[in-house]
1. Ordered by residue, what ³J(HN,Hα) values in Hz, to whole numbers, does segment 179-194 give under the Karplus form 6.51 cos²θ - 1.76 cosθ + 1.60, where θ = phi - 60° and Gly and Pro are x?
2. Would you pull out the residues with amide H under 5 Å of LYS251's amide H, same chain only if 5 or more places away, H placed 1.01 Å from N?
3. Cross-link list LYS206/LYS264; LYS291/LYS344; LYS373/LYS413; LYS330/LYS373; LYS171/LYS211; LYS171/LYS214: which exceed 30 angstrom alpha carbon to alpha carbon?
4. Grab every C-alpha pair in segment 89-224, bin the distances at 5 angstrom width from 0 up to the longest one, and report whole percents.
5. Compare the peptides 545-551, 308-314 by average per-residue count of other Cβ atoms within 10 angstrom and give them in order, highest first.
6. Which whole number in µm²/s is D for segment 383-490 by Stokes-Einstein, with the Kirkwood Rh taken over Cα pairs at 10 °C and 1.306 mPa s?
7. Going Cα to Cα from LYS121, which lysines come in below 23 Å? Please leave out same-chain ones fewer than 8 positions away.
8. By count of other Cβ within 10 Å, fewest leading, how are MET612, MET449, MET295 ordered?
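Every number here is computed from the coordinates shown, using simple stated rules; none is lab data. Computed from a predicted model, the values in this text were never measured in an experiment. Please note: Cβ atoms are built from the backbone with ideal geometry, for glycine as well, and neighbour counts cover all protein chains shown.
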Amino acid sequence: MFSTLAVTILIYNLAVNEGSFVYLINDENDQLKPAEPETTIEELTTVKEVTFNETTTRTLSVTNDSALPIVEETFPNTVKFTNFTTEKGTLGAQCEDVTGCEDSLFCIHNTCQCAGEDFWKEDACVHVTKYTINSKCRNSFECSGKLLCLDGICQCSEEFIWNGTNCITKKIFGMQCYSQKECQDDLFCVAGICSCPDTYYLDKNKCVRRKDAKQECSKTEECQPSLSCFRQLCQCPSSDFWNGSICTLRKTFNSTCNSYPECKESLECKEDICQCRETDYWDGSYCVIKKSPGMTCSEQFECRNELHCLDDLCNCPDTEFLEEFKCLPKKVENSVCQTTAECKDTMKCRHGKCKCTDLEYWDSDFEQCFLKKELGGVCSSSIECQENLECDDDDTCVCKSSTYWNGMNCAKKLPSECEDIDSDKDGVYSVYPKGKSYSRRISVYCIMMGEKKWTVIQRRYDGSVDFYRTLPEYTKGFGRVDKEHWLGLENIYRISKDGSHELSVVLEDWGGFKREANYSTFYIGSGSSYSSGIGGYSGNAGNSLGYQSGYTFYTYDRDYNYCANKNTGAWWYRTSGQCCLSNLNGKYNGTGQTGIVWSSFRNYYSLKASTMMIRRK
C-alpha cells in the first residue's frame, strides 16, 4: 500500500476550467482527490513538475482526451492526467511546437507564424501570388523576394538595388559598375568603378566631402583640391585666397576686394580696395613700414602718420613733437612731460615737467623762456632775477636777504644757527651766532626734522659730564656738542636775542617713557644775568619751566638765594618762594630736587635724559 502523500500540481500556460488542484493520494484506493479550497488560476507559465513530500521529482504530462482528469499511472511512476481544455496561440504567440498554434500557423523559432511566403489576412494564413518591382501593395508580405512595400509600392530598400529578378546588395568601393545606383550610398560610379569624385575622399568605406578652407584636418587628402593641410587646418598657399570653392591668386595694391584674405600679403581690404595698413606705404611691389623721424623721404606718404617730409627727412615741425605716431604742439611751462623733446623752445623736462633752464624764466604773455636779469635789472617778480637775486619794491633785481653783494656776486650769508644749514641730516655743524661781527665760529649739534631744524643748547643722557659748574663755565659752555654738553649762555643769547625763537624740551625717564614740553617763545637776556623769557607752553610733559620765566641764571658761585647750592645745579632759580619746578642741570641721578627734575613729569624723580633745543620760527 502507498502511504498518504501530499502532491501539488501546477499547470501553466493553459486556460484550465477546473482551476488549480491540490490532491491527496488515498492509501486505500489510490485515488487522487481535490482539496479545499479551490483557487482559479488563468494563463500561467509552464512548469511541468510534480514534487512529492518524499523529495522525489516526476515529470507531468498533460493531454485533453477526456472531460475529467484521470490518473493513468501512480507513484512512483509518471503521473499522467487527461481531459484538460487549452486555447491555441494566434499569430505572434509563443509556442513550443505546432500543436500550440492555431490552424494554418506554424511554430517557427518558438513563435506562431505563417509558413513561407503566406501572409496573415483577417484570421488565417493566406497564400497569394507575390507582386514584383514597382507593383502596388498594401504590405511587404504582398511583395516578392526582398522587395518591401514602401509608400504603397514594392521596391528595394536603400541598401539594395534591383537586378531584374531580385534585390541585391549595392556594390562597395572598387567594384565594377555601370551606373551610380549600383554603388553603395556615398559612393559614385566613376569611370566604371564605384569610387569617390574629386571633391570627396574615402573614409571608412564612405565618400566624405573634402573640407573647405580653415576647417580642421589631419592630412591633405581631407582638404578640397588646391588646399593643403597645414597646422591641422585646410589652407591655401600664402599667395592665394579661398573664394568659397577654390584657391585664387591674391589681388595686388588698389584692386577691388570684398574681404581681407583676397588681398596680397601685407595688404588689407579697406573700403573695398586692397590697401596698405595705416603704418605702411606701397613702394611699388610691397607694403613697407612708414619711415620714422630722421629717415630720408621723397613723398609725404612715406613718413609715419603726422610726420612731414621736410628737406627730404621725415620729421615733426619745430613747434611740434612726436607722440604715439602723431605730431603734437610742444608744451608750455609746468606741463607734464616725459622727454625734453615735448617742451617748447629751450625748456627742459625736469622732474616730469617742462621747465626753463636755470638761467631763464618763463614769460606767460609771450609763452617762451627769457634770460634772467642781472643785479639792477628791471623786474616785475623775483623769478625774472638771476640766482640769489630778488625783485624788491622798486622793481629792481637785488641780493636776497640771506645774501650780500661782495663786489662780484651775491654771496650767501654765514649761518647763525641750524635753521640756516642746507642739510637734512642730524650732526655737528659750524655756525656764526649774531654779534658785533661774524668772526667767532662755534660748533653746534643740529637735529633736522624736515622743515624744522633745531639747534641743541643742552643735552644729558649718561652722566659723563659734570653740570655742577661756575658761571664763567656756563657762560662759555662745556662738554662736546656731539655728546653731553651745555652750549653756553652767551651763545644762547646771541642766537635767541631777536625774540623770534621757540624752545622744545624732550625728557625721558628710566623706564624709557618720553615726554615733550614746547614753548612758542624763548630767549635770554644779555649781561651777567642772562634772565629767561619763556611762554606759550604746549606738549605732554607739563609746564614746569614757565614758573621760572623772567629770573636770573644762577650757579653755585653766584647764588644769592642759595638755590643753586641747595639743588646742586645751575638754572633760572626764583628768588622767592620755591626755588624751582624744574632743574635740568641738576646732579645726574641725584635725589629729590638735586637731580634732573621736571616736577610735572615724574615729580622730583631724577630723569635719565633731557634735551633742550631752539629754532627760529
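1. 3J(HN,Hα) across segment 179-194, in whole Hz: 8, 4, 5, 6, 8, 4, 3, 6, 10, 10, 8, 10, 6, x, 10, 6.
2. Under 5 Å from the amide H of LYS251: CYS263, LYS264.
3. Exceeds cut-off: LYS206/LYS264; LYS171/LYS214.
4. For segment 89-224, the binned pair fractions read 2, 11, 13, 11, 11, 11, 10, 8, 8, 7, 5, 3, 1, 0 percent.
5. 545-551, 308-314
6. Values: Rh = 16.2 Å.
Roughly 98 µm²/s, to the nearest whole number.
7. Once the sequence-local lysines are set aside, what remains near LYS121 is LYS88, LYS130, LYS136, LYS146.
8. MET449, MET295, MET612
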